[in-house]
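The values are calculated or read from the model by the stated rules, or taken from the named source; none is laboratory data. Computed from a predicted structure; not experimentally measured. Don't worry about glycine lacking a Cβ; one is built from the backbone with ideal geometry, like all the others, and counts go over all protein chains shown.
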Amino acid sequence: MPVHNNPWTNNDEPEFPKEYECQARRHLTKSLSQPQYTRPDIWFVSDNEIELPSIIKDAKNVISEVGFQWFDELLKLHNALDVFQNRPETYMQKSIALEMLGGNLNSMARADVVSGIALESGNIELAKSTIMRVRSNPFYTRQIDSIKILDEKLSLLEQLAIL
């Protein structure tokens, strides 16, 4: 993910990141009815495994029809930029995430991702305006440490714009 291209990021992009290290995360949901286990993101297999072939078929279909399409959408920078700028995080049920995108809209974490994608696309102005929008958020204006971090990010972006 281009977030590792931000000038304030000191970490190398991991070759094989763990799921919790990813800015974009999606949980797939089963499309078959399983009244004995209603959690939508867990395929239930009974001890006798009699329904295993239908469970495997459903999981395979969900991976290929939902999972791969989701990855394809985010692989295109302009799509990823739109998703991270505009799509709120969603939940299947209370406290069970469906899609997580690194934080709430206009949060510092989301701004890092948007600015990274913008820089990858060569759009320094979008990276700066994204950080400035977060800096003007009343939630952050009350937090001196956050303002300091955001000001440092803006300074680094200004330096990039000069180069």
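A few remarks follow.
- For N6, the requirement of being under 30 Å from L160 (Cα atoms), in contact (Cβ under 8 Å) with a residue 40 or more places away in the chain and surrounded by 12 or more Cβ atoms within 10 Å (Cβ to Cβ) is met.
- Sub-9 Å Cβ pairs linking a first residue in the stretch 65-84 that is in a helix (DSSP H, G or I) to a second residue that is surrounded by fewer than 11 Cβ atoms within 10 Å (Cβ to Cβ), at least 6 apart or interchain, are N79/D72, ordered by first then second residue.
- The number of residues in the stretch 117-163 being touching a residue at least 24 places away in the same chain (Cβ under 8 Å), over 19 Å from N106 (Cβ atoms), small (G, A, S) and not in a loop (DSSP other than H, G, I, E, B) comes to 1.
- The stretch 12-25 residues that are at negative phi, paired with ones that are assigned to a helix (DSSP H, G or I) (beta carbon under 6 Å, 6 or more apart): E13/H4; Q23/V3; Q23/V113; A24/L74
Yes/no per residue for (1) exposed (fewer than 13 other Cβ atoms within 10 Å of the Cβ); (2) at pLDDT below 90:
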{"residue": "G103", "(1), (2)": "no, yes"}
{"residue": "V113", "(1), (2)": "no, no"}
{"residue": "I144", "(1), (2)": "yes, no"}
{"residue": "I147", "(1), (2)": "no, no"}
{"residue": "L154", "(1), (2)": "no, no"}
{"residue": "L157", "(1), (2)": "no, no"}
{"residue": "A161", "(1), (2)": "yes, yes"}
